[in-house]
Amino acid sequence: GQQLNQSPQSMFIQEGEDVSMNCTSSSIFNTWLWYKQDPGEGPVLLIALYKAGELTSNGRLTAQFGITRKDSFLNISASIPSDVGIYFCAGQLVEVQKLVFGQGTRLTINP
Amino acid sequence: NAGVMQNPRHLVRRRGQEARLRCSPMKGHSHVYWYRQLPEEGLKFMVYLQKENIIDESGMPKERFSAEFPKEGPSILRIQQVVRGDSAAYFCASSLSPNQPQHFGDGTRLSIL
C-alpha cells in the first residue's frame, strides 16, 4: 500500500529558530496537506497544496508540493512556544478521497 | 463556530461489549471519513461515507466494525465485541466535497478493559 516517510521523527530546537520537515512517498499524490496535532486534540489543517511545484504560505509557515508529486516540505520560521506539537503530512489522490498520513514530526521548543 | 463534533470524547468498554462512536460533520458537509490512530503513529483511514452511502470501506476490518451515515443524524462507527486491540483514538473528518480539505474532530479515545 501507499506509505509516506516523514522526517525527522522529532526535533528539539530553541525558540526563534527556523524549522524544516519533509515527507516523501513512493507513489504520486495529487494533493498534499499539512496538519498539526496537539495532545488530546484532532489534527488541524495548516496548508493544502494542489499543484506540483506550488509554494504556499500561511503566516510563518511555508509548504511546497514537490515537482515529482512524490514529496512535500514544511518550513516554520522564527518558532514560538505555541508551535510545539506533532506535525503530519498527508497525501491524497483525486480518485481516492482517503488521506494517507506520515508518521509525524514531534516538535519541542526550548525557551 | 460548529466544527466537527465527536462524542463521547472518552469511552471505556469491557471486552465483548459494543462501542458506538458518533460524529456530526461541519455544517453543510456531506462527506464523512473515519480514521484510527494508535499512540505515536499517524492516522489510518478506515471508511468514507456520504449520506446513506458507504463509498470506500477499504480500511475497515472485515469483522465487528461497521459504519453508517443516515439521512438524519450523526455518522456512527460501531465496534461489536470489542477486544483489547481496539483501544485507540478514533477520529472523524468531514469535507464539503470529495476534493476539498478534510477537517477533523477532536476524536474519541476508546479504552478496552
When residues of the range A:75-91 are filtered for being open to solvent by 10 Å² or more (accessible area, probe 1.4 Å) and either more than 14 Å from A:Leu45 (Cα to Cα) or modelled with pLDDT under 95 (or both), how many remain?
7
Counting only strands (runs of 3 or more DSSP E) entirely within the range A:1-108, those with at least 1 residues that are over 28 Å from B:Ile54 (Cβ atoms) and among the basic types (Lys, Arg) are A:31-37
If I ask for residues that are surrounded by 13 or more Cβ atoms within 10 Å (Cβ to Cβ), touching a Phe, Trp or Tyr at 6+ places or on another chain (Cβ under 9 Å) and assigned to a strand (DSSP E or B), which ones from the range B:51-75 would you list?
B:Ile54, B:Ile55, B:Asp56, B:Ala67, B:Ser75
For the structure I just gave you, tell me whether A:Ser57 is of a type in the set (Gly, Ala, Ser), open to solvent by 50 Å² or more (accessible area, probe 1.4 Å) and over 22 Å from A:Ser10 (Cα atoms).
yes
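So which residues in the range B:79-113 are part of a loop (DSSP other than H, G, I, E, B) and more than 8 Å from chain A (Cβ to nearest Cβ)? Lay out the reasoning, then the answer.
Here is the first cut: in the range B:79-113, the ones part of a loop (DSSP other than H, G, I, E, B) are B:80-83, B:87, B:96-102, B:105-107, B:113.
Matches in the range B:79-113: B:Gln80, B:Gln81, B:Val82, B:Val83, B:Ser87, B:Leu96, B:Ser97, B:Gln100, B:Leu113.
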Given the conditions (1) away from every other protein chain (no Cβ under 12 Å); (2) open to solvent by 30 Å² or more (accessible area, probe 1.4 Å), which single one is not true for A:Ser72?
(2)
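Tell me, yes or no, whether the range A:4-13 has at least one residue that is over 30 Å from B:Ser58 (Cα atoms), more than 11 Å from every other protein chain (Cβ to nearest Cβ) and polar (S, T, N, Q).
If we filter the range A:4-13 for residues that are over 30 Å from B:Ser58 (Cα atoms), which is where we start, we get A:10-13.
From what's left, more than 11 Å from every other protein chain (Cβ to nearest Cβ): A:11-13.
In the following step, the residues that additionally are polar (S, T, N, Q) were identified as none.
No, that holds for no residue.
To keep it simple, each residue is scored yes or no on (1) among the aliphatic types (A, V, I, L, M); (2) out of contact with any Gly (no Cβ under 9 Å at 6 or more places or on another chain).
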position	(1), (2)
A:Ser57	no, yes
A:Gly85	no, yes
A:Ala90	yes, no
A:Leu93	yes, yes
Tally, over the range A:28-44, of residues that are in contact with an Asp or Glu (Cβ under 7 Å, 6 or more places away or on another chain) and of a type in the set (D, E, K, R):
1
How do the pairs read when you match residues in the range B:36-55 that are more than 21 Å from A:Glu95 (Cβ to Cβ) with residues anywhere that are among the basic types (Lys, Arg), using Cβ under 7 Å and keeping only pairs 6 or more apart or on different chains?
B:Arg36/B:Lys44; B:Glu52/B:Lys71
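The values are calculated or read from the model by the stated rules, or taken from the named source; none is laboratory data. Everything quoted here is computed from the prediction, not taken from an experiment. Using ideal geometry, Cβ is built from the backbone for each residue, glycine included, and neighbour counts are taken over all protein chains shown. The area values use the complete protein model at the heavy-atom level, side chains included, leaving out ligands, DNA and RNA. Shrake-Rupley method; radii C 1.70, N 1.55, O 1.52, S 1.80 Å.
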